[in-house]
Amino acid sequence: MTELNTVAANDAGHLVSPKSPPRRTPPAPSKQESHADYAGIVVQQGRWRVIVCRDGIQWIIQKGDLTRDGWRWTGKSYCRTRKALLRDCVRRSALPAPPELHRLPERINLQVAKVPGQSKLPDQLHPANDSNTKAAA
C-alpha cells in the first residue's frame with residue numbers, strides 16, 4: 001500500500017509537512033551581563049557598550065572580545081552617575097559618548113527588582129539615605 005504524503009498549512013499559511021518539526025521561538029535575552037544578548041544593553045558602539053547591571057544599581061562600560069564562541073563582554077568601568085559614565089566612556093573608548101547616554105538620568109535608579117532569594121540593598125545604598133538625593137530634595 002502506498003503512503004499518501006499530505007500537506008497542511010500552518011497558522012501563517014505556509015505549507016508544511018505533518019512530519020516537519022515545529023518552529024522554534026527565538027531565545028529569550030540572557031540575564032548574564034557578559035553575554036552578547038544580555039537584556040540590559042543601553043547602547044552599543046563597535047566593541048564598546050553600556051549596560052545596566054542586573055541589580056539595577058550601576059551602569060557598566062564593557063569592552064567586547066570576539067572569541068570562537070562569539071562575543072564576550074568584560075566590565076571595564078562601573079558608574080552610578082551620568083557624569084562619571086560620560087567621562088569614562090570617552091576615556092576608555094577614545095570615542096565620543098553616544099547621544100543616548102546624555103539622555104540618561106543624572107543618577108541610576110537604585111530600585112532592585114524583587115527576585116526570590118535576593119537580598120535587599122544595604123541602607124547606606126538606598127536612595128533615601130543618599131546625601132546627594134537629600135540635597136536635591
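A short reminder: the numbers here are calculations on the coordinates, not readings from a lab. Everything quoted here is computed from the prediction, not taken from an experiment. Methodologically, a virtual Cβ is constructed for each residue, glycine included, from the backbone with ideal geometry; neighbour enumeration extends over all protein chains shown.
Brief remarks follow.
- The dipole here belongs to the range 28-105: it is taken about the Cα centre, uses +1 on the Cβ of Lys and Arg and -1 on the Cβ of Asp and Glu, and is about 300 debye.
- For Arg91, neighbours were defined as the other residues whose beta-carbon sits under 13 Å from its Cβ, and their charges (Lys and Arg +1, Asp and Glu -1) total +4.
- For the range 28-105, the convex hull spanned by the alpha carbon atoms encloses 86 Å³ per residue.
- Column: log10 I(q)/I(0), Debye, Cα scatterers of the range 34-74, q = 0.18 Å⁻¹: -0.44
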